[in-house]
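Written out below as structure tokens is the structure these notes cover.
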Amino acid sequence: MPQPAVAPSALPRRTFLALGGSTALAAALAACTPAGAGAPAGPTITPTPNPSGWLPPAEPMAFPKGYVWGAATSAYQVEGATTADGRGPSVWDTFAARYGTVKGGATGEPAADQYRRYAEDIELMTDLGLGAYRFSVSWPRIQPTGTGPANPAGVDHYRRLVDALGDAGIRPMITLFHWDLPQALQDAGGWASRDTAQRFAEYAAILFDALGDVEADWMTVNEPKTHAFVGHWYGGHAPGLRDPDVAAAAVHHQLLAHGLATRAFRDHGASGRIGIGLNLLPAYSIDPVNTRGAERVDASENRLFLDPVLLGRYPDDAIGSAPGQLPADPAAFAALALPGDLEVVSSPLDFLAIQYYGVTGVDPIGNQVEIAPTSAASWQQVRAEGLYDLLIRLRDDYPSIPIVITENGIPDETSALTVDDPYRVEFLRTHFQQAARAIGDGVPLEGHYVWSLLDNFEWAEGYDQRWGLVAVDFDTQERTPKRSAGFYSDVIAANAVAPA
Ligand code: GCO
């Protein structure tokens, strides 16, 4: 989905923004000059040379023993069964049913029918050699109206799923919220309302009671930025609002919800670990001297989430009327954070989950510019070294915390069912190499989940963008592993990534 311009940097932010421009400028020029003429334009990705000049070693790059190799999905994107067993409507059911919101009029029905076919998919995971599987719980399956007692049939489904994963020796990563807010809570104000954060904590407690015995990793909120910005400011996602002040409120209340759920996890004494999933994109000032535009974009797209969660404070340059900022009222946003909120938001975590797709550039004004080739997802500028830059930035700018990459991937070049995906093999190879490089430079990176296990419902793109390691025929629900699935399986077996 459209990712707004972004920003973090490879080096400590201020240092990077001053120095990185020359690198970025070189990269920007490299991307635009005839030298790139051999690389076809458009989605076919041929890895551009790393701007730093770094080259992978000739021998395979090994990962630490116990490194977690996984794949990820989310409930609304794969489950289908949108009215089964008492499930209530979510904002995505409502949004997708509105004319013109989703390509082809698609909805989350049938998706990949994983609600019924999860045992078959676990066999696929076993064949791949996955050590972990990330999925999300559909809140309206657990509480059809977002409040009140648990729906036993909904809880039972996820109990069966985690037990089947355990039987297969696959560690669950359970996402509590992946954007499918119960519609009844939206009708009561949604994330514009502080009450929704409290409802989320109650929902989380139900799940910790039901599944807290499972040795699992828990992710409280998936990409609060995308849900706040694309769902409440741009309007391209559910609930389809276009109000920056509501988006700002959705930022704070999702982060408050995250903190309350984290405390509920501790209070419950649940097994496993808990973290949050933030999508972060290294962007680069294309002007080596005037980096103010990139600074603002970095604030609105990255520090607005990293700082409260990891440092217990909001940045002071994320919200305002300058290009690159979230154009909400700074005073109104500041008033949302009541005394004690930031202590809750920054409740200690066991890991930081990051979701990495690509890079972008930023001009001195604060506008996004293209500095790398895009995939079939027009917002995705593909540059593997951006992952290294991001990981080093986190190492240098934030307190040390275990890091897990919980989404990383590329869509197929066409919307047609595809099994031969050399571009995905190269995407994964080059990104695994950068991950190994970062580990070698002291980043506490503990695992990597590919987005996605299966072709699935790609939000406003419907079924026209296929991100899976495994192809899905949505008419027959037949699964077919792609070439990249075999490549990934080899990486997992070796716990190492070989050069091309
Ligand atoms: C996200 C979401 C996924 C998307 C994936 C591809 O990261 O935006 O978590 O649901 O499908 O990123 O756009």
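The values are calculated or read from the model by the stated rules, or taken from the named source; none is laboratory data. Not measured: the values here are computed from a predicted model. Here Cβ is always computed from backbone atoms with ideal geometry, including for glycine, and neighbour counts include all displayed protein chains. For the accessible areas, the whole protein counts, side chains as well, though only heavy atoms, and no ligand, DNA or RNA atoms are used. Shrake-Rupley method; radii C 1.70, N 1.55, O 1.52, S 1.80 Å.
Set the Cα radius of gyration of segment 111-265 against 2.2 N^0.38 Å, with N its number of residues, and you get 1.07. Among the chymotrypsin sites (Phe, Trp or Tyr not before Pro) found in segment 51-134, those both in a DSSP coil and sparsely packed, with 14 or fewer other Cβ atoms within 10 Å of their Cβ, are TRP54, TYR99. For segment 13-497, the Kirkwood hydrodynamic radius from C-alpha pairs, put into Stokes-Einstein at 25 °C and a viscosity of 0.890 mPa s, yields a diffusion coefficient of 109 µm² per second. Once the Cα-Cα distance is subtracted from the 0.36 nm per residue extended length, the SER271 to ALA494 segment shows a gain of 77.3 nm. With contacts taken as Cα pairs under 8 Å and at least 6 residues apart, the chain reaches a relative contact order of 23 percent.
If R0 is taken as 22 Å, the Cβ-Cβ distance between ALA84 and ARG159 corresponds to a FRET efficiency of 0.90. Note on THR145/GLU215: beta-carbon distance plugged into 1/(1 + (r/R0)^6) with R0 of 25 Å gives a FRET efficiency of 0.20. Compactness ratio for segment 371-500: Cα radius of gyration over 2.2 N^0.38 Å (N = residue count) comes to 1.10. Taken one residue at a time, the phi angles of segment 460-474 give Karplus couplings (6.51, -1.76, 1.60, θ = phi - 60°) of 5, 7, x, 9, 7, 10, 10, 10, x, 6, 10, 6, 10, 8, 6 Hz. Gly and Pro are set to x.
Taking the empirical scaling 2.2 N^0.38 Å for compact globular proteins as reference, segment 165-207 has a Cα radius of gyration ratio of 1.51.
Annotation: peptides 276-283, 156-163, 442-449, ranked by per-residue average of other Cβ atoms within 10 Å with the highest first, follow the order 276-283, 442-449, 156-163. Accessible surface for segment 13-497, divided over its residues, is 33 Å² per residue with a 1.4 Å probe. Taken as entire DSSP H runs, the helices of the chain that both span 30 Å or more between Cα atoms along their own long axis and average -0.5 or more on the Kyte-Doolittle scale are 244-268. Straight-line reach only, C-alpha to C-alpha below 15 angstrom: list the aspartates and glutamates that LYS65 could link to, leaving out same-chain residues fewer than 8 apart. Straight-line reach from LYS65, under 15 Å: GLU446. With a simple spin-label model that places each label point 7 Å from the Cα along the Cα-to-Cβ direction, the separation between GLU343 and ALA416 comes to 6.1 nm.
Beta-bridge orientation, the chain: approximately 20 percent antiparallel, per DSSP, counting only bridges with both partners inside.
Note on the chain: with neighbouring protein chains present and a 1.4 Å probe, carbon and sulfur make up 56 percent of its accessible heavy-atom surface. In this calculation the C-beta distance from ASN290 to ALA119 is compared with R0 = 41 Å, giving a FRET efficiency of 0.15.
Ellipsoid semi-axes for segment 245-354, based on the Cα gyration tensor and the rule √(5λ), read 28, 17, 9 Å when sorted largest first.
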